[in-house]
1. Looking at Glu232, Glu258, which one is under 19 Å from Thr159 (Cβ atoms), open to solvent by 40 Å² or more (accessible area, probe 1.4 Å) and either in a loop (DSSP other than H, G, I, E, B) or touching a helix residue (DSSP H, G or I) at 6+ places or on another chain (Cβ under 8 Å) (or both)?
2. Pairs please, first residue from the range 60-71 and closer than 11 Å to Met38 by Cβ, second anywhere and polar (S, T, N, Q) and at pLDDT 95 or above, Cβ atoms under 7 Å, 6+ apart in sequence or on different chains.
3. Hey, any hits in the range 95-110 for a residue that's aromatic (Phe, Trp, Tyr), over 25 Å from Leu231 (Cα atoms) and in contact with a strand residue (DSSP E or B) (Cβ under 8 Å, 6 or more places away or on another chain)?
4. Within the range 51-94, take every residue that is open to solvent by 20 Å² or more (accessible area, probe 1.4 Å), in a helix (DSSP H, G or I) and in contact with a strand residue (DSSP E or B) (Cβ under 6 Å, 6 or more places away or on another chain) and give me the one that is farthest from Arg210 (Cα to Cα).
5. Can you tell me which residues in the range 117-131 are part of a helix (DSSP H, G or I) and touching a residue at least 24 places away in the same chain (Cβ under 8 Å)?
6. Any residue that is surrounded by 17 or more Cβ atoms within 10 Å (Cβ to Cβ), part of a loop (DSSP other than H, G, I, E, B) and basic (Lys, Arg) - is there at least one of those in the range 41-50?
7. Going through the range 14-33 one residue at a time, which ones are charged (D, E, K, R) and either assigned to a loop (DSSP other than H, G, I, E, B) or crowded, with 22+ Cβ neighbours inside 10 Å (or both)?
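The values are calculated or read from the model by the stated rules, or taken from the named source; none is laboratory data. Since this is a predicted model, take the numbers as computed values, not measurements. Reconstructed Cβ throughout: ideal geometry from the backbone, glycine too, with neighbour counts over all protein chains shown. Ligands, DNA and RNA are excluded from the accessible area calculation, which covers all protein heavy atoms including side chains. Shrake-Rupley method; radii C 1.70, N 1.55, O 1.52, S 1.80 Å.
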Amino acid sequence: MTRVQTVILAGPTGSGKSQLSLAVAEALGGTIINADSMQIYRELLVLTARPDADAEQRVPHRLFGVLGAHEPCTAARWRRMALTEIAVSHAAGRLPILVGGTGLYFKALIEGLAPVPPIPHEVRVRARDRRAAIGGEAFHAELAERDPVAAGRIAPGDTQRVLRAWEVVEATGRPLSDWQRQGGEHSTLDVFKVLLAPPRAALHAACDERFRRMIAKGALEEVRALKDLDLEPDVPIMKALGVRELLAHLGGTAALEEAIIAAQTATRRYVKRQSTWFRHQMSFDLVLDRPDAGMMVNVFHGWRGRLTGHG
């Protein structure tokens, strides 16, 4: 079975992954493949800090802005798309470089996912209707009766995951935790994993400045256009950092400066959760405290040499 050398560049929001991945892709002849759950949506170019036209001209970029706001993107769906793009990149003689901050995507790519059958549309509708009828807490309690293991792992406020677990047991008659114990398909990837983890103070300052730049570039207008789509409040794109806070401003319940400060605070909290997840859920071949393309390229060459017996 052919093994495909692949790079993962992970890190929290605002750590500098995009700039680092661009420099590394140019040095190694790579294709940058999105592994961020919000950059996959086309409606939020500014607010998700998607690569701009100049970056996309310098090296190939894939899976950025490929879904509409109403489309959910599960880890399983992203994995299928990512494996396709990895294969296309490999066939073209380019190095696949997966870049993002969505740890679950990386975990799904490397470890595979439970082989849960497709969930019928009517079951998805029934799950949402049930949750709307009885409320989030009661719905989570109902899940706990049917799949206590999954419910114990998922917070009541994590709507998407709670719905997913409920849908699985409803559609298959088996708890999601049972399916997960079966494990997933084996990966055919040889993965060089890099974590970009700047010091907390520097990261927080970068995130604060980053959000103000987004406002200057038109983030508020993006959220206004998103609001006009009249989406359900629990679709994934509505959870993008800054959306809730800017909607509050547009709805007249917060001044713009209040919304900016609230979004900055929410971003710092999210960054902390991302950093904790990466520390405890993944191991890495290289950890960088600042974007250092030269270091990353050199260590990658050493890793590849050892892998091929030429190191």
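1. Only one candidate qualifies: Glu232.
2. Qualifying pairs under 7 Å: Phe64/Asn34; Phe64/Gln39.
3. Checked the range 95-110: at least one residue is aromatic (Phe, Trp, Tyr), over 25 Å from Leu231 (Cα atoms) and in contact with a strand residue (DSSP E or B) (Cβ under 8 Å, 6 or more places away or on another chain).
4. Ranking the qualifying residues of the range 51-94, first place goes to His90.
5. Val123, Arg124, Arg126, Ala127, Arg128, Arg130, Arg131
6. yes
7. Correct list: Lys17 only.
Results for (1) closer than 27 Å to Gly68 by Cβ; (2) open to solvent by 10 Å² or more (accessible area, probe 1.4 Å); (3) within 19 Å of the chain's Cα centre (by Cα), shown as yes or no for each residue.
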| site | (1), (2), (3) |
| --- | --- |
| Asp147 | no, no, no |
| Gly157 | yes, yes, yes |
| Trp179 | no, yes, no |
| Ala205 | no, yes, no |
| Glu221 | yes, yes, no |
| Ala225 | yes, yes, no |
